Amino acid sequence: MENLKHDIKTVLITREQIAKRVREMGQQITKDYAGKEIVLVGILKGAMPFLCDLMREIDLPVILDTMVVSSYGDATTSSGLVKIKKDLDSDIRGRHVIVVEDIIDTGITMAALTPILEKRGAASVELAIFLDKRERREKEVNVKYIGYEIPDKFIVGYGCDYAQKYRNLPEICELDNKVFAQAK
Ligand SMILES: O=P(O)(O)OC[C@H]1O[C@H](OP(=O)(O)OP(=O)(O)O)[C@H](O)[C@@H]1O
Ligand SMILES: Nc1nc2[nH]cnc2c(=O)[nH]1
């Protein structure tokens, strides 16, 4: 078994760039939510590294919760569907919710989840997403906090996986083609 770095073609975003951007996002959230309590909802598994880093950059009371969701259905119909595999532990009625995600791609997952949380009576629901593949968007979603916009390339690291691996890479990377060739 080789070290992970042997599977990487390019580092697109370094750990220093990630740390700097996450700090800026946390500072912005701290300003925007001054005097309020936030419920941070991490969407597992991809959000884990970003959630852990972001919450420590927010200088306000934070309640931490998680969900596991998967989107399905036909993106060409009017509403995408989301299956909740693990729901929140907390009641979000009257609370300020920030959904934390590693990446937004078609937007189907977030377009389906946001109204579900709003219907539960949250005072507000906003999104903090580290990577935005905007050119792939099929559903319009309002993302308040974005780490980086990235091109339409398959990336791994900082929570993003390929076949459940590489989530623990501390950088955002492109994999070497040999990894895909070996998987065939
Ligand atoms: O914008 P969309 O096209 O809906 O895609 C984005 C979703 O895909 C990824 O999750 P995935 O289902 O791969 O689960 P994971 O977090 O366990 O990796 C990501 O974490 C988002 O939840
Ligand atoms: N791991 C990973 N998941 C994604 N989901 C949507 N785009 C991507 C990507 O580039 N990498």
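None of the figures in this text is laboratory data; all of them are computed from the coordinates on show. These figures come from a predicted structure and were not determined experimentally. Cβ coordinates were reconstructed from backbone atoms using ideal geometry, including for glycine residues, and neighbour counts include every protein chain displayed.
Values as computed for the structure displayed
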| item | result |
| --- | --- |
| Amide proton proximity set for Leu12, modelled H, under 5 Å, gap of 5+ | Ile172, Cys173, Glu174 |
| Set of lysines near Lys9 by C-alpha distance (under 28 Å), chain-local residues within fewer than 8 positions excluded | Lys20, Lys45, Lys133, Lys153, Lys165, Lys178, Lys184 |
| Calculated FRET value between Leu4 and Gln27, using beta carbons and R₀ = 30 Å, to 0.05 | 0.45 |
| Förster radius 22 Å - calculated FRET efficiency between Ala19 and Lys83, Cβ distance, rounded to 0.05 | 0.05 |
| Tail beyond 30 Å, pair distance distribution of segment 4-183 (Cα, percent) | 17 |
| J(HN,Hα) series, segment 85-97, from Karplus relation 6.51 cos²θ - 1.76 cosθ + 1.60, nearest Hz, glycine and proline x | 8, 9, 9, 4, 8, 9, 8, 9, 4, x, 9, 8, 9 |
| For Ile63, distant residues with modelled amide H under 5 Å away | Ile38, Val39, Leu40 |
| Choice from Ile29, Ile84, Ile13 showing the highest fluctuation, given a GNM over the chain with Cα pairs closer than 10 Å | Ile84 |
| Residue-averaged [θ]222 nm for the chain, counting only DSSP H segments that reach four residues, each worth -39500 (n - 2.57) | -7500 deg cm²/dmol |
| In order through segment 34-41: 3J(HN,Hα) via Karplus (6.51 cos²θ - 1.76 cosθ + 1.60), integer Hz, x for Gly, Pro | 3, x, 10, 9, 10, 9, 8, 10 |
| The chain - percent relative contact order, Cα under 8 Å, separation 6 or more | 24 |
| Segment Asp91-Arg134, extension gain: residue separation times 0.36 nm, minus the distance between their alpha carbons | 12.3 nm |
| Cα shape, segment 1-92, gyration tensor, a/c 1.5 rule | oblate |
| Listed residues Pro61, Ala34, Gly159: farthest to the positive end of the dipole of the chain (Cβ charges) | Gly159 |
